[in-house]
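As structure tokens, the structure follows; a few thoughts come after it.
Every number here is computed from the coordinates shown, using simple stated rules; none is lab data. Quick caveat, the model's predicted, so the values are computed rather than measured. Positions of Cβ are generated from backbone atoms using ideal geometry, with glycine treated the same way; all protein chains shown enter the neighbour counts.
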Amino acid sequence: MDQELYTIYDSHAHYDAEAFDEDRAWLLGQWLPLNGVKCVINMGTRLRTCASTVGLADLNPYVFAAVGIHPEEIDDSLPENWLDCLKVWLESSPKVVAIGEIGLDYHWEDCAPRQRQMEVFSAQLALAGRMGLPVCVHDRDAHADTLSLLRHYRPQGVLHCFSGSAEMAREVVELGMYIGLGGVVTFKNARKAVEVARAVPLDRLLLETDAPYMSPEPYRGKRNDSAKIPYTAEKIAEIRGISTKDVLNASNANIRRLFNLEGLLDQPSFNT
Ligand code: NI
């Protein structure tokens, strides 16, 4: 990786995660801006982390928030009026720009039953439609049910950490959505992700970290952060035969468009 300073946008991160407890203020306040990070969309995963994600957006000019109930976080602690609570968070700040991270996870056996996950996901997709907000969707081993709900609700949004086939990516793009790609594409065994990185139209591709998870090579297994996005962009550029900067610029423009950031990023108070 050369030393050029890139302009970096990260469409999906979890800076409220415990992995950042030691040095969060330094990382967000100094390290990321010094490395060219200009925009981060930070995900909520349960009602408690929705509060911390909105807090991070309030504190850091270039951080924006998504709030939502993640499929791995659906349990008995979810109050009956959770959708009303979520709506309060969605309306709590102009820097809340999406509903996420929401979706279906059939990988872990201790997740809520599939029917319950579909209920919670559907309610949030419907809310996104009513509020005109994009969604950040998690789909792990649940391609068929995810696609059928997306076909039904037709949200604006992104399938993050996309793990489907190139064919599925085509269908998601036809539905009007974006494909999120992160560190996985740099892994040695990443045959499917490489095919997707080649097939997705450049105007539908979003770069992401999923920090602290999914670090790209050569940092695989270490804590991830948004400054590592160029490693993922470099790999996608190599697959497509274009420059790293072209990939970054395309993704940055897509992130601005999907999350309606034009007015927000241009406000001086959010840019200093
Ligand atoms: Ni995530």
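With K and R counted +1 and D and E -1, the other residues having a Cβ less than 12 Å from that of GLU109 yield a net charge of -3.
In the chain, once you exclude exposed trypsin sites (Lys or Arg not before Pro) (DSSP loop, at most 13 other Cβ within 10 angstrom), what's the longest stretch remaining?
Details: sites that count: LYS188, LYS222.
Within the chain, the longest run free of exposed trypsin sites (Lys or Arg not before Pro) spans 1-187.
On a per residue basis, the convex hull of the C-alpha atoms belonging to the chain measures out at 121 Å³.
The Rg/Rh ratio for the range 102-259 is 0.96, where Rg is the radius of gyration of the alpha carbons and Rh is the Kirkwood radius.
Using only the Cα atoms of the range 21-73, construct the convex hull and provide its projected area averaged over every direction, in square nanometres to one decimal. Let's see the in-between values first.
Numbers: hull surface 15.3 nm².
Over every viewing direction, the Cα hull of the range 21-73 projects on average to 3.8 nm².
So if a site counts as exposed when it's one of the chymotrypsin sites (Phe, Trp or Tyr not before Pro), its DSSP state isn't H, G, I, E or B, and it has at most 16 other Cβ atoms within 10 Å, what's the longest stretch of the chain without one? Longest stretch, sites excluded: 1-107. When the chain is treated as a Gaussian network with alpha carbon springs shorter than 10 Å, the biggest mean-square fluctuation among MET214, MET43, MET168 belongs to MET168. Report, in whole Å, the centroid distance computed from the Cα atoms of the range 59-95 and the range 1-40. Comparing the Cα centres of the range 59-95 and the range 1-40, I get a distance of 22 Å. One compactness figure for the range 111-199 is 1.11, namely its Cα radius of gyration divided by 2.2 N^0.38 Å. Working note: Debye formula, equal point scatterers on the alpha-carbon atoms of the range 1-122, no solvent; log10 I(q)/I(0) at q = 0.10 Å⁻¹ is -0.35. A DSSP coil position with no more than 16 other Cβ atoms inside 10 Å describes the following GluC sites (Glu not before Pro) in the range 99-177: GLU109.
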